[in-house]
Amino acid sequence: MADGVDGISDLVDGGAATVDTAHFRAVLGHFATGIVVVTGVLDGVPYGLTCQSFVSLSLDPGLVAFSPSKRSSSWKRIQESGAFCANVLTEDQEDVSRVFATSGADKFRGVGWRPSETGSPILQDVLAWVDCRIEARYDAGDHDIIVGRVVDLEAAPRGRPLLAYRGGYGRFDA
Ligand SMILES: Cc1cc2nc3c(=O)[nH]c(=O)nc-3n(C[C@H](O)[C@H](O)[C@H](O)COP(=O)(O)O)c2cc1C
């Protein structure tokens, strides 16, 4: 796993301009996104956290990225495993999103899963999943940017996504 590119850390340290965090959240909340649960296994124990900062990065090689908070206790364990699976939630999985967003919760209680090629949990009934090995980590303020090299991925034959918009949940009505 490669570590840090000077540019980003210089930007973070050198950039004086700060914005009001509540205003930042309110404005960025207008950018609607899908929702994934990033999962991993360490010493046989599954871990996971809800994320909306997930993005497709590169087609060839297949790379994706997302940004976990430096305060995430689940991510710390997943990172140690060297791999993760991004599980794209369906419109019926708002409860799954909520439980995996609750720090300290028994997140996997009542949630079925099977191990992927990297051993990371593929949650039951998700819309799609993307299994990755951690390729790089970049420091980015109070979060990190994690790049994953895609090992395997699949999508369900049908279903619609759960969306995040303005601090709440939405559905895709097409
Ligand atoms: C819709 C939604 C999107 C979220 N997106 C992110 C994200 O992109 N990155 C992140 O670190 N936390 C994100 N969170 C918050 C984490 O899910 C939450 O802090 C984490 O699950 C806390 O648990 P942990 O202490 O076990 O890591 C999001 C929460 C919700 C409800």
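What is the residue count in the range 129-147 for residues that are of a type in the set (D, E, K, R), open to solvent by 60 Å² or more (accessible area, probe 1.4 Å) and in a strand (DSSP E or B)?
As a first pass, look at the range 129-147 and keep what is of a type in the set (D, E, K, R): 131, 133, 135, 137, 139, 142, 144.
Imposing the further condition that a residue be open to solvent by 60 Å² or more (accessible area, probe 1.4 Å) reduces the set to 133, 135, 142.
Cutting the leftovers down to in a strand (DSSP E or B) gives us 133, 135.
Total meeting the criteria: 2.
If you scan the range 74-100, which residues turn out to be of a type in the set (A, V, I, L, M, F, W, C), assigned to a helix (DSSP H, G or I) and surrounded by fewer than 24 Cβ atoms within 10 Å (Cβ to Cβ)? Explain how you work it out, then say what you get.
So in the range 74-100, the residues of a type in the set (A, V, I, L, M, F, W, C) come out as 75, 78, 83-86, 88-89, 96, 99-100.
If we keep only those that are assigned to a helix (DSSP H, G or I) too, we end up with 75, 78, 96, 99-100.
Once the filter is applied, which keeps residues that are of a type in the set (A, V, I, L, M, F, W, C), assigned to a helix (DSSP H, G or I) and surrounded by fewer than 24 Cβ atoms within 10 Å (Cβ to Cβ), the range 74-100 yields only 99.
Hey, among 126, 150, 111, which residue is closer than 17 Å to residue 51 by Cβ and assigned to a strand (DSSP E or B)? Outline the logic, then answer.
On the way: 126 fails: assigned to a strand (DSSP E or B); 111 fails: assigned to a strand (DSSP E or B).
Result of the check over 126, 150, 111: 150.
Find the residue count for the range 153-174, including only residues that are outside any strand (DSSP E or B) and out of contact with any Ser or Thr (no Cβ under 9 Å at 6 or more places or on another chain).
Initially, the range 153-174 is screened for residues outside any strand (DSSP E or B), giving 156-160, 166-167, 172-174.
So of that shortlist, the ones also out of contact with any Ser or Thr (no Cβ under 9 Å at 6 or more places or on another chain) come out as 157-158, 166-167, 172-174.
So the answer is 7.
I need the full set of residues from the range 38-48 which are of a type outside the set (Phe, Trp, Tyr) and open to solvent by 20 Å² or more (accessible area, probe 1.4 Å), in order please.
41, 42, 43, 44, 45, 46
The values are calculated or read from the model by the stated rules, or taken from the named source; none is laboratory data. Just so it is clear, the model here is predicted, and its values are computed rather than measured. Every residue, glycine as well, gets a Cβ built from its backbone with ideal geometry; the counts of neighbours run over all protein chains shown. Just the protein is used for accessible areas: all its heavy atoms, side chains included, with ligands, DNA and RNA removed. Shrake-Rupley method; radii C 1.70, N 1.55, O 1.52, S 1.80 Å.
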